[in-house]
1. Give the share of C-alpha pairs in each 10 angstrom bin for the stretch A:28-78, from 0 to the last occupied bin, in whole percents, shortest bins first.
2. Compute the distance from the alpha-carbon center of the stretch A:16-54 to that of the stretch B:60-104, in whole Å.
3. What per residue convex hull volume, in Å³, comes out for the protein assembly as shown when only alpha-carbon positions are used?
4. Would you list B:S27, A:S85 from fewest to most Cβ contacts within 10 Å?
5. So what's the convex hull volume per residue for the Cα atoms of chain B, in Å³?
6. How big is the stretch B:1-55 by the Kirkwood estimate over distinct Cα pairs, in Å?
7. DSSP loop trypsin sites (Lys or Arg not before Pro) in the stretch B:32-64 with at most 14 other Cβ atoms within 10 Å of their Cβ, which ones?
8. With +1 on each Lys and Arg Cβ and -1 on each Asp and Glu Cβ, how big is the dipole of the protein assembly as shown about its Cα centre, in debye rounded to the nearest 20?
Amino acid sequence: GESVGLHLPTLSVQEGDNSIINCAYSNSASDYFIWYKQESGKGPQFIIDIRSNMDKRQGQRVTVLLNKTVKHLSLQIAATQPGDSAVYFCAENVRLYSGGGADGLTFGKGTHLIIQP
Amino acid sequence: DAGVIQSPRHEVTEMGQEVTLRCKPISGHNSLFWYRQTMMRGLELLIYFNNNVPIDDSGMPEDRFSAKMPNASFSTLKIQPSEPRDSAVYFCASSLVGRGNSPLHFGNGTRLTVT
């Protein structure tokens, strides 16, 4: 079946550097994508989202890029800090039924971002 | 905003016992989701509710699993009888869904260990 996957299971960067986490998705019908951050012992925390009618969206220190042609999603974190160490998940919207009802998300396996001092 | 509240945070039980996990969604949210997270399979959607009605339970692994949402502020996920392979972290999430998409807000999960 179609799924969302991540290219790199572990990414190590120096504190202060920029980091890029990549994600490939295979469901061409997906129209909404979200990045989550999960710290140890906690649930996934929303970072930023993007709709398929956009190719870039910026937040505070984070930028999400969407390339629908190659079905690729990336999360850029600027000036990484120790608190950015976590597992990052991309998720895609699988619209389970039409009409504005509940939308489930399919998650990738996650990338572990390690910030080195 | 208290966020999504799950209880208990940890549950250790013996094989064959009944387990009940609880969730209180964010007030005002109209959709609730149960996910299971393991190292091998990642985050898997088990079931979700919209306006307290179960919409899709195709992710529920077996008949041993059942979920209810008696009102807008409470949901349970029950496993009976539990088995060691059910050991995982179970997350509840809620969202407000109208015309468009909205992100899911997750609780901190219940870590279940079945011995």
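1. So the P(r) values, bin by bin, are 24, 50, 23, 3.
2. The stretch A:16-54 and the stretch B:60-104 have Cα centres separated by 22 Å.
3. On the way: hull volume 29.3 nm³, N = 232.
With only Cα atoms used, the protein assembly as shown gives 126 Å³ per residue.
4. Values: B:S27 10, A:S85 18.
Lowest to highest Cβ neighbour count: B:S27, A:S85.
5. Values: hull volume 11.2 nm³, N = 115.
So the per-residue hull volume is 97 Å³.
6. Details: mean 1/r = 0.0757 Å⁻¹.
Taking every pair of different Cα atoms in the stretch B:1-55, averaging 1/r and inverting gives 13.2 Å.
7. Working: sites: B:R36, B:R41, B:R64; in loops: B:R41, B:R64.
Passing both the DSSP loop test and the Cβ count: B:R41.
8. Working: 21 positive and 21 negative charges, 70 e Å.
My answer is approximately 340 debye.
All of the numbers you see were taken from the coordinates with simple rules; none came from a lab. Please read all numbers here as calculations on a predicted model, not as lab measurements. Reconstructed Cβ throughout: ideal geometry from the backbone, glycine too, with neighbour counts over all protein chains shown.
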